[in-house]
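Report on one structure; see the data block that follows.
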């Protein structure tokens, strides 16, 4: 049973949403305008952003039904947490419903500002991947590390939403529910992406965030200018990137020297990047690049071996980013 007090925020947001709809005068479906009707294959779907986290798909349908008959509501959620991402697609039975819904653009909705556009007007690549658009490309994605382990997804969303609309946010967590210290955030626009990158070095919950374009750590050896605490910083030329492994579940006391000794029998290490907290302790994961394919395979064979009191997890770098819905890693 849900405590009434817990329902209060959602009820408050829902009530406010209802007032917004009535203020717009959309209680009755507006009469179709004189403009020629849209072709059937274009559909009558709008993209809605800025939805309060507490709003359910049912409540969204109820509020937007003031614009006209709603035929479908797709409220997007985070694959890992199941929490609302604050964006949705709402489909209407006719053009009149779409036109009425578009008038909500810019309105306050439960404390957040709504963004309502025709689904096909959403930036290319935005939205869900089943036909109403896929997520923006990695060109607008940032990689964030050195995140406080007590940080939750809403904390990160609120922090980065001041930069612009967020298309997708992935904050990996441990079995305990605490975050692993890194995340990926994809923005809808270049402006949002640029503002987020500019926050590099700023604090969130007492930790100085390290922010860069997603995949940038993979290019550390290309120019020698990328950040990193590994001993191989700046030595490589990027040609060994395909022999890189991602290690996780490291004890916080582990140092680069200790990890290097563990992989000593695998061959020469081109470079290593082990992010650390402000206190200098390991954040629990690292990237290790070998000079040969054989070295990488040797390292992969150490997957689940006991290392400093923990089960070391080793996988080809990038595998954690290409999981299928059933949790199995794709071949790369």
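Structure values in brief
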{"item": "Number of positions in the stretch 69-79 that are in contact with a helix residue (DSSP H, G or I) (Cβ under 9 Å, 6 or more places away or on another chain) and modelled with pLDDT under 85", "result": "1"}
{"item": "Any hit, the stretch 124-140, residues being buried (at least 19 other Cβ atoms within 10 Å of the Cβ), in contact with a helix residue (DSSP H, G or I) (Cβ under 9 Å, 6 or more places away or on another chain), at pLDDT 75 or above and in a strand (DSSP E or B)", "result": "no"}
{"item": "Per-region count, the stretch 187-197, residues out of contact with any helix residue (DSSP H, G or I) (no Cβ under 6 Å at 6 or more places or on another chain) and closer than 12 Å to residue 144 by Cα", "result": "1"}
{"item": "Residue identified as surrounded by fewer than 18 Cβ atoms within 10 Å (Cβ to Cβ), at pLDDT 85 or above and in a loop (DSSP other than H, G, I, E, B) among 201, 238", "result": "201"}
{"item": "Subset of the stretch 173-184 (residues that are over 12 Å from residue 204 (Cβ atoms) and either touching a strand residue (DSSP E or B) at 6+ places or on another chain (Cβ under 7 Å) or at pLDDT 85 or above (or both))", "result": "173, 180, 182, 184"}
{"item": "Search result, residues across the stretch 158-169 that are part of a helix (DSSP H, G or I) and either closer than 18 Å to residue 206 by Cβ or touching a strand residue (DSSP E or B) at 6+ places or on another chain (Cβ under 6 Å) (or both)", "result": "158, 159, 160"}
{"item": "Cβ pairs under 8 Å, 6+ apart, first in the stretch 144-158 and modelled with pLDDT of 85 or more, second in a helix (DSSP H, G or I) and surrounded by 17 or more Cβ atoms within 10 Å (Cβ to Cβ)", "result": "144/156; 147/156"}
{"item": "Residues (within 26 Å of the chain's Cα centre (by Cα) and surrounded by fewer than 17 Cβ atoms within 10 Å (Cβ to Cβ)) located in the stretch 252-275", "result": "252"}
{"item": "Which listed residue is modelled with pLDDT of 85 or more and over 28 Å from residue 189 (Cα atoms), from 66, 11", "result": "66"}
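The values are calculated or read from the model by the stated rules, or taken from the named source; none is laboratory data. Only a predicted model underlies this, so the values are computations on that prediction, with no experimental measurement involved. Backbone-built Cβ (ideal geometry, glycine too); neighbour counts: all protein chains shown.
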